[in-house]
Each structure stands twice: as structure tokens, then as C-alpha cells.
Amino acid sequence: MPRIAGRSRQDTRRAVLLASRRAFGEMGLAGASLSVIAERAGVTPATLCHHFGGKQGIYEAVTDEVYRELGTLASAIDPSRPLEELIDAVYTHAERNAGGIRFLLRQIVEAGGVPAHVRKRHMRPWLEKLSAILGARFDVDAQAARTAIVALTHLVMRFVTNTEEDNRVALDAADARETRARIMTILTGTAQHLLGLCPLTTRSES
């Protein structure tokens with residue numbers, strides 16, 4: 001892949017994928033043109049077509065890269081830690097990958113779901129792996145663990161792609177620190193309930 005002087009082939013590919021991720025996240029597949037991606041990445045549109053086979057090929061490469069990054073979660077956390085610490089580690093991992101999550105959400109909104117090959121290659125193995133880890137850690141069956149992971153994934157994805165101000169207003173928090181603390185309380189309480197570790201209660205019941 002032709003590259004800017006002083007930039008390695010690997011760095012050039014990384015720049016293309018990052019520029020594409022941002023462009024697709026902002027404008028969607030239809031709105032993000034090859035010329036925009038090429039300009040942001042510092043290459044030519046012809047180079048993109050040669051190495052990725054066109055915009056669809058870039059889109060699929062970005063999808064694979066985002067799922068690969070999110071898939072490092074299993075190795076990034078210590079399952080022996082208390083649930084509250086696991087939730088915090090998961091959320092921190094998601095915050096660091098907010099751009100990729102935003103890209104996936106845009107894909108889901110535009111297409112109504114992810115492509116079949118993505119479900120087979122990424123979604124199913126990821127869910128099965130994390131369900132096994134969570135189930136073994138808290139001694140619950142795989143289905144309960146899977147249900148908890150799915151629910152928490154949806155909540156986390158929405159929280160990390162919101163602006164801090166939106167989350168603060170939605171949760172009626174005073175500042176960013178309180179906002180994050182309330183998000184942790186919601187996620188931890190949801191996980192505890194779905195894993196059968198303790199029931200959710202309303203204020204009037206507590």
C-alpha cells in the first residue's frame with residue numbers, strides 16, 4: 001500500500017482503518033465517500049480500491065477490526081475480581097473503544113442488524129466465550145450468564161456513545177464523576193439481578 005514518507009505499511013493500514021471507522025461512524029456507509037476516507041488517511045482513492053476492493057471491502061475490514069478490538073475484553077479483565085470491579089473494567093474497555101462501538105451502532109441502525117457473516121464470525125463466539133467465563137465465575141448456568149451479557153452490552157453501548165452531558169442530564173447527576181458512579185450502579189444492579197445474585201428493589205421497598 002503506497003504510504004506517506006516515513007510511515008510504515010502497517011501504520012498506513014491502521015490510518016486507513018481509523019479514518020474509515022470515523023467516516024462511517026459519522027456519515028454511514030452510503031455517506032462516507034472513498035475520497036473523504038482517502039483524504040483523511042493520506043492515501044489516494046485508487047489505493048483504497050486496489051487494496052480493499054472498494055468501499056464495501058473497507059467497511060468489512062473496519063467491522064472485523066472493531067470486533068477484534070472489542071474481543072480483547074476477555075483477556076483484559078480478571079474474572080476473579082468482584083462483580084463491581086468487573087463491571088468497571090468492562091465499562092472502561094468500552095469507553096476506550098467508543099469510536100468502534102459508535103460505528104457498530106450506526107451499522108445496526110442503517111441496516112436493521114449486523115450481516116449474517118458477522119453474527120457467525122464475531123457475535124456468537126464472543127457471547128459463548130464471555131458466557132462461559134461469567135457462568136463459571138458466579139456459578140450460574142450459561143443461559144443466565146448470556147442473558148446478563150446481552151442486556152449489559154446494550155446498556156454499555158448506549159452509555160458510552162452518549163455525550164457526557166446527555167448522560168449527566170438523563171441521570172440527574174451533578175458532574176462527570178457522579179454520572180459515572182450512577183452508571184456503575186445501574187450496570188452492577190442489572191448484572192446482580194440477572195445473575196440471581198440479589199433482587200432489584202425500588203426505593204419504597206428498601
At the level of C-alpha centres, the distance separating segment 87-101 and segment 114-178, in angstrom, is 10
Residue order, fewest to most beta carbons within 10 Å, for THR179, THR12, THR92: THR92, THR12, THR179
So what's the back-of-envelope 222 nm ellipticity for the chain, counting only DSSP H runs of four-plus at -39500 (n - 2.57) apiece and dividing by all residues, rounded to 500? -23000 deg cm²/dmol
Order of SER20, SER75 - criterion: other Cβ atoms within 10 Å of each residue's Cβ, fewest first: SER75, SER20
In what sequence do SER35, SER80 fall when counting other Cβ within 10 Å, fewest first? SER80, SER35
Answer in debye to the nearest 20: the dipole magnitude of segment 1-117 about its Cα centre, from +1 Lys/Arg and -1 Asp/Glu charges placed on Cβ, is 580
Which label marks the calculated value of Cα extents along the principal axes in Å, given the options (1) 50, 42, 41; (2) 63, 38, 35; (3) 47, 42, 34? (2)
Low-density loop positions, trypsin sites (Lys or Arg not before Pro), segment 1-83 - DSSP coil, at most 16 other Cβ in 10 Å: ARG7
Kindly state, to the nearest 0.05, the FRET efficiency for THR44 paired with GLU69, given R0 = 45 Å and r defined as their beta-carbon distance. 0.95
Counting Lys and Arg as +1 and Asp and Glu as -1, each charge on the Cβ, what is the dipole of the chain about the Cα centre in debye, to the nearest 20? 860
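No lab work stands behind these numbers, since they all come straight from the coordinates. None of the values given here were measured: they were computed from a predicted structure. Every residue, glycine among them, receives a Cβ derived from its backbone with ideal geometry; neighbour counts consider all protein chains shown.
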